[in-house]
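Report on one structure; see the data block that follows.
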Amino acid sequence: MNRDGLSSRVSRTIIECELISRGDKLVCGISGGPDSVCMVHILTDWRRELGFEMVLAHVNYHTRGDDSDLDEDLCRKLATDLGIDMHVRAVDQEELILLKNGNFQRDARHLRYEFFARLLADIGCNKIATGHTADDVAETSLMHYVRGAGISGIGGIYPTNGNLIRPLIDCYRDEIISYLSEKRITYRIDSSNLESKYLRNRVRNQLIPLLSENYNSRVVRAIARTAHIAQATGEFLEKHVDRLWKDSVSSSRLGKILIDVRAFTSGDKILRYELIRKAYNLLLGEDNHRTSLDLELIESADRLTASEVGRRADLNSGISIERGSDQLVIFRNDVTEVCERVDVPGITRLEDFSLEVLSEICDFDGEIAKSSDCWDVQLDFDRLTPPFLLRTFRDGDRVRLLNSPGSRKLSNILIDRKIPRSLRSEIPILTAADEIVWVVGVGIADRAKLTAQTEKVLKLHAKSSVIQE
């Protein structure tokens, strides 16, 4: 592949995928390997015509002794030869120990992108460019496929992701090597890419050669084309999933995802499956590299729409789904207990509950208001002992609600109200001297009610910025 052909294809990708706009300033990640070196050379050729600026950014992990320093030296020389500013992040020994004791590839990637993101802010750049190629697309697609990913996962790596762009996404590695050879451009090979302990390396060095030798000599191109089709299909599905999400999904106070069953079941099966996958990945957050949600688990989650209230399904990685009375609740199992002091009198904002509690103390006027609004209550202040704390549900909680015949387990009360177990941690509970006096949205304790002997009234009003049902 001659220079003009490869360079023109990169410029076409940049224009068609709208990767770079005139006036952009790029942080170009460079390792010293062939892909990133090629990207820097081609972008340098186009920067004046396309009207953008660029700097180089390199991370030296110091994992390969002198070889790591030689990688850095090459990158610095390239920056000098091309007249481009260079920024280097050197990993110290303490950081290296932490990287080696964890998932090195994942944690090193996080460190690298944190460095790039910091550069964006520090030197006024707005995009990050990396040297991912069509081979990376094929490898990622294959990795996701064997793990059981959905259509968007089979799409592999996309041309852009937020402010991250991949100008070489339509170029193959063998073409890049030919380009560098023809231009006599020096690059380095990272020997750690040959290690078989990482899945990507095994896919690249074992699985793809096996498929190429025995099934299709151009298997990388075939997989990359399929990934491209999957990307387009995924984008089409995403628009419809977003519409279903808007109609059926809300967030709970503590981050659980609530799916309205009636609106959810109005969607086609594939849209329901993709919505569950989206919710699952959203709850996993940065941990979504650990596993993919396979079809069997998605089907078990979808079947809950026809199950009785309280049924659950495990979705792996600490994520579960539960059938409520008219909703599905997808949640993390590792719920953190919340306990915060409430100012009495005063205004207390409780971020974990997305709640604001207004409290005031006033004289009792002798009139006991009858109200069914359990978010706006009045308590006998003289019968309460500070401190006032708002906390989450605990196993074993008991309370005698207003005008109830006796004390009951709060869990049983919530069952009667058809509140699923997964949402019990959403119920704010006010205690006075460790005794429950108000279950917000449910009712007050009988012992805290106003009576003819009441002198001071504690008025409480809770406002939720998320849901109030």
## Note on the structure
Among chymotrypsin sites (Phe, Trp or Tyr not before Pro) in the range 181-263, those in a DSSP loop whose Cβ has at most 10 other Cβ atoms within 10 Å are Tyr215
### Task
Sort the range 77-151 into rounded, prolate or oblate with this rule: let a ≥ b ≥ c be the square roots of the eigenvalues of the Cα gyration tensor; rounded if a/c is under 1.5, and if a/c is not under 1.5, prolate when a/b is larger than b/c, oblate otherwise.
oblate
### Members of Lys197/Lys278; Lys246/Lys418; Lys77/Lys100; Lys418/Lys456; Lys278/Lys409; Lys256/Lys459 lying beyond 32 Å, as alpha-carbon distances in this model show
Lys418/Lys456; Lys278/Lys409
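Starting from the Cα-Cα distance between Leu295 and Glu337, subtract it from 0.36 nm times their residue separation and give me the gain in nm to one decimal. Display every interim value, and only then the final one.
Values: separation 42, 0.36 × 42 = 15.12 nm, distance 3.24 nm.
So the extension gain works out to 11.9 nm.
Between Ala433 and Ala263, what length comes free when the chain is fully extended (0.36 nm per residue of separation minus the Cα-Cα distance, one decimal in nm)? Intermediate values should be presented prior to the final figure.
Numbers: separation 170, 0.36 × 170 = 61.20 nm, distance 4.35 nm.
Using 0.36 nm per residue and subtracting the Cα-Cα distance, I get 56.9 nm.
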#### Entry: Cα-projected label distance for Ser181 with Glu114, points at 7 Å along beta-carbon direction, nm
4.0
### Summary
Per residue, accessible area of the chain with a 1.4 Å probe, heavy atoms of protein chains only, in Å², comes to 51
### Summary
tail above 42 Å in the computed P(r) of the chain, as % of all Cα-Cα pairs, reads 37
### At most 15 other Cβ within 10 Å, DSSP loop - GluC sites (Glu not before Pro), the range 1-90
Glu18
## Note on the structure
Expected vector for the range 36-51, Karplus 3J(HN,Hα) from phi with 6.51, -1.76, 1.60 and θ = phi - 60°, integer Hz, x for Gly and Pro, equals 6, 5, 4, 4, 4, 4, 5, 4, 4, 5, 9, 5, 6, 5, 8, x
### Query
Between Gly443, Ser354, Leu423, whose Cα lies farthest towards the positive end of the dipole of the chain when Lys and Arg beta carbons carry +1 and Asp and Glu beta carbons carry -1, centred on the Cα centre?
Leu423
### DSSP loop trypsin sites (Lys or Arg not before Pro) with at most 10 other Cβ within 10 Å: longest gap in the chain
198-369
### Message
Given a 1.4 angstrom probe, I'd like the percentage of the accessible area of the chain that is carbon and sulfur, rounded to a whole number.
### Response
46
### Task
Express the Stokes-Einstein translational diffusion coefficient of the range 213-323 in µm² s⁻¹, to the nearest whole number, given a Kirkwood radius over alpha-carbon pairs, 10 °C and a viscosity of 1.306 mPa s.
102
### Task
Report the label-to-label distance for Asp122 and Arg303 in nanometres (one decimal), using points 7 Å from each Cα along the Cα→Cβ vector.
5.4
### Query
Can you list, bin by bin at 5 Å, the percent of alpha carbon pairs in the range 262-361, starting at 0?
2, 11, 19, 17, 13, 10, 9, 8, 6, 3, 1, 0
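The values are calculated or read from the model by the stated rules, or taken from the named source; none is laboratory data. Predicted model, so just to flag it, every value in this text is computed and none were measured. With ideal geometry, Cβ positions are generated from the backbone for all residues, glycine too; neighbour counts draw on all protein chains shown. To get the accessible areas, we keep the full protein, side chains included, count just its heavy atoms, and leave off ligands, DNA and RNA. Shrake-Rupley method; radii C 1.70, N 1.55, O 1.52, S 1.80 Å.
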